[in-house]
Structure formats: C-alpha cells, structure tokens
Amino acid sequence: MRKGVRTLRALAPTLTLPRWAGEGMMLAVLVAYALLYASPYGLRVLTVAGVYALAAIGFQIVFGLGGALSLAHGAFFGIGAYATGILGSQWGWGFAATFPVSLLVPLLLALLVGLPVLRLESHYFALATLGIAQVVHLLAVNSPGLTGGANGLPGVPGIVLFGWAVPRGLPLAAVVVACRWRRWAWER
C-alpha cells in the first residue's frame with residue numbers, strides 16, 4: 001500500500017456500536033415483525049423461541065460464567081415447567097402461586113443433587129449431570145398419571161398478571177420479550 005492511503009485510513013472514523021445498540025436493533029426488528037407481518041403461528045414461534053432463549057441464559061450462567069458443563073440444565077427447566085403445569089392443571093393453582101414454586105422446586109432438587117455431584121470434576125461431572133437429565137426424562141415420559149407422559153399436560157392455565165389473563169399471540173409474546181428485556185437491563 002502507498003503511504004498516503006495508510007494515512008487516510010488512519011484518519012477515517014471507525015464505526016463501533018455499543019452492545020446495547022445491536023440488541024436494541026434486533027429487538028426493534030422482532031417487534032416490527034410481530035406487529036406488522038407475523039401470523040398467529042409466527043407469534044407462537046416467537047414466543048416459544050423467547051422462552052428457550054430465557055433457558056439459554058441460565059445455561060450461559062452455568063457454563064459461560066461457572067465453567068461447568070452441566071447437561072442437566074434442561075431437566076431442571078422441565079421440572080420447573082412441570083411444577084407449574086401440574087399445580088395449575090390438576091390442583092387448580094393460579095399463576096401467582098405456581099410461578100414461585102416453579103423456581104423453588106428445581107432449586108431444591110438442584111441443591112439436593114448438586115451436593116454430591118459438585119465433588120466430581122471434568123467429564124465425570126458432565127456424565128453425572130447427563131444421568132440426572134436422563135432420569136428426569138424417563139420419569140416424565142413414564143408417569144402419564146402425573147405428567148401426561150409423552151403427550152404432555154392438558155389444561156394448563158395461562159398467565160394471569162394483576163388480574164389480567166394474558167391472551168395468546170402478541171400479548172403473550174410481549175410478556176416473554178419483557179422478561180428477556182429485564183435480563184438485558186439487569187446485565188448492565
């Protein structure tokens with residue numbers, strides 16, 4: 001390269017955006033899609049993707065920050081979901097009561113199982129957590145009276161916030177995105 005070109009490149013401004021700007025643009029595109037173009041099926045896919053993104057945040061905390069390859073993360077996610085589903089559909093509990101339980105039940109189980117498993121290192125830890133995930137999977141599939149088996153739980157009530165039943169579609173997707181947004185705000 002010629003000397004003059006290098007000098008011009010050194011003087012040219014570089015465009016670097018902060019991390020929140022990229023996330024904000026992505027959120028704006030998703031909101032525009034949801035409001036203007038999405039079908040009911042597209043809104044359902046966005047909602048489910050948002051729920052799985054929230055689960056991935058938890059895995060990022062365990063693996064990314066903690067450095068532990070835990071393969072039981074999905075099992076604990078499922079246990080929390082089943083706690084909410086069983087209490088809501090079979091016992092008639094509302095969302096305000098089942099939501100804290102869906103956090104506490106996996107936490108207590110993780111504490112109970114985690115005490116002996118955390119003594120393991122490296123691939124032994126990963127294998128033990130894989131075993132935990134498989135046991136939870138087998139219990140969920142082979143207990144149709146409790147979990148609905150492979151068909152899942154019918155009749156799980158929806159989310160009720162401050163007396164307002166959140167309908168499916170755009171409002172439910174907005175609640176999921178709001179949970180994700182709270183994570184973005186907490187990270188700063």
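Quick one: L120 ticks every box in (1) at pLDDT 90 or above; (2) part of a loop (DSSP other than H, G, I, E, B); (3) surrounded by 12 or more Cβ atoms within 10 Å (Cβ to Cβ) bar one, so which box is it?
The one condition L120 does not meet is (1).
So which residues in the stretch 52-83 are under 17 Å from A174 (Cα atoms) and either modelled with pLDDT of 90 or more or not aliphatic (A, V, I, L, M) (or both), if there are any at all?
Y52
Is it the case, given these coordinates, that L46 is aliphatic (A, V, I, L, M), open to solvent by 90 Å² or more (accessible area, probe 1.4 Å) and modelled with pLDDT of 90 or more? Steps first, please.
Details: aliphatic (A, V, I, L, M): yes; open to solvent by 90 Å² or more (accessible area, probe 1.4 Å): no; modelled with pLDDT of 90 or more: yes.
No.
Step by step: first the residues of the stretch 98-134, then only those that are closer than 16 Å to F63 by Cα and among the β-branched types (V, I, T), then the one that is farthest from the chain's Cα centre (by Cα). Which residue is that?
Selected residue: V117.
If you go through the stretch 130-148 one residue at a time, how many are assigned to a helix (DSSP H, G or I) and within 22 Å of L71 (Cα to Cα)? If you could, list the steps in order and put the result at the bottom.
So the first thing to find is which residues in the stretch 130-148 are assigned to a helix (DSSP H, G or I), and the list is 130-141, 144-147.
After this cut, where a residue has to be within 22 Å of L71 (Cα to Cα) as well, the list is 130-141, 147.
The qualifying residues number 13.
Can you report the number of residues in the stretch 142-154 which are open to solvent by 60 Å² or more (accessible area, probe 1.4 Å), touching a residue at least 12 places away in the same chain (Cβ under 8 Å) and within 22 Å of the chain's Cα centre (by Cα)? Steps first, please.
Keep residues of the stretch 142-154 that are open to solvent by 60 Å² or more (accessible area, probe 1.4 Å), which gives 142, 144-146, 150-151, 154.
So of that shortlist, the ones also touching a residue at least 12 places away in the same chain (Cβ under 8 Å) come out as 146, 154.
Restricting the remaining residues to those that are within 22 Å of the chain's Cα centre (by Cα) gives 154.
Number satisfying all stated conditions: 1.
Any residue in the stretch 138-154 that is in contact with a His (Cβ under 9 Å, 6 or more places away or on another chain) and modelled with pLDDT of 90 or more?
Initial filter on the stretch 138-154 (in contact with a His (Cβ under 9 Å, 6 or more places away or on another chain)): none.
Looking for residues that are in contact with a His (Cβ under 9 Å, 6 or more places away or on another chain) and modelled with pLDDT of 90 or more, one finds none in the stretch 138-154, hence no.
Of everything in the stretch 162-175, what is out of contact with any Gly (no Cβ under 9 Å at 6 or more places or on another chain) and either loosely packed, with under 13 Cβ neighbours inside 10 Å or farther than 23 Å from A97 by Cα (or both)? Give them in sequence order.
Matches in the stretch 162-175: F162, G163, W164, G169, L170.
Testing S70 on (1) assigned to a helix (DSSP H, G or I); (2) surrounded by 14 or more Cβ atoms within 10 Å (Cβ to Cβ), one condition comes back false. Which one is that?
Of everything listed in (1) assigned to a helix (DSSP H, G or I); (2) surrounded by 14 or more Cβ atoms within 10 Å (Cβ to Cβ), S70 misses just condition (1).
Quick check on my filter: what residues within the stretch 127-141 are crowded, with 16+ Cβ neighbours inside 10 Å and among the small types (G, A, S)?
If the condition is that a residue be crowded, with 16+ Cβ neighbours inside 10 Å and among the small types (G, A, S), then A128, A133, A140 are the ones that fit.
Just one of A81, A55, A97 is open to solvent by less than 80 Å² (accessible area, probe 1.4 Å), in contact with a Phe, Trp or Tyr (Cβ under 7 Å, 6 or more places away or on another chain) and closer than 23 Å to G148 by Cβ; which is it?
Numbers: A81 fails: in contact with a Phe, Trp or Tyr (Cβ under 7 Å, 6 or more places away or on another chain); A97 fails: in contact with a Phe, Trp or Tyr (Cβ under 7 Å, 6 or more places away or on another chain).
That would be A55, the only listed residue that is open to solvent by less than 80 Å² (accessible area, probe 1.4 Å), in contact with a Phe, Trp or Tyr (Cβ under 7 Å, 6 or more places away or on another chain) and closer than 23 Å to G148 by Cβ.
Suppose we filter L108, L104, L87 for residues that are hydrophobic (A, V, I, L, M, F, W, C), open to solvent by less than 40 Å² (accessible area, probe 1.4 Å) and more than 16 Å from G131 (Cα to Cα); which single one remains?
L87
Would you mention how many residues in the stretch 163-176 are within 27 Å of A38 (Cα to Cα), free of Cβ contacts under 8 Å to residues at least 40 places away in the same chain and assigned to a loop (DSSP other than H, G, I, E, B)?
2
The values are calculated or read from the model by the stated rules, or taken from the named source; none is laboratory data. All of these numbers come straight from a predicted model, not from anything done at the bench. With ideal geometry, Cβ positions are generated from the backbone for all residues, glycine too; neighbour counts draw on all protein chains shown. These area figures cover heavy atoms from the full protein model, side chains too; ligands, DNA and RNA do not enter into them. Shrake-Rupley method; radii C 1.70, N 1.55, O 1.52, S 1.80 Å.
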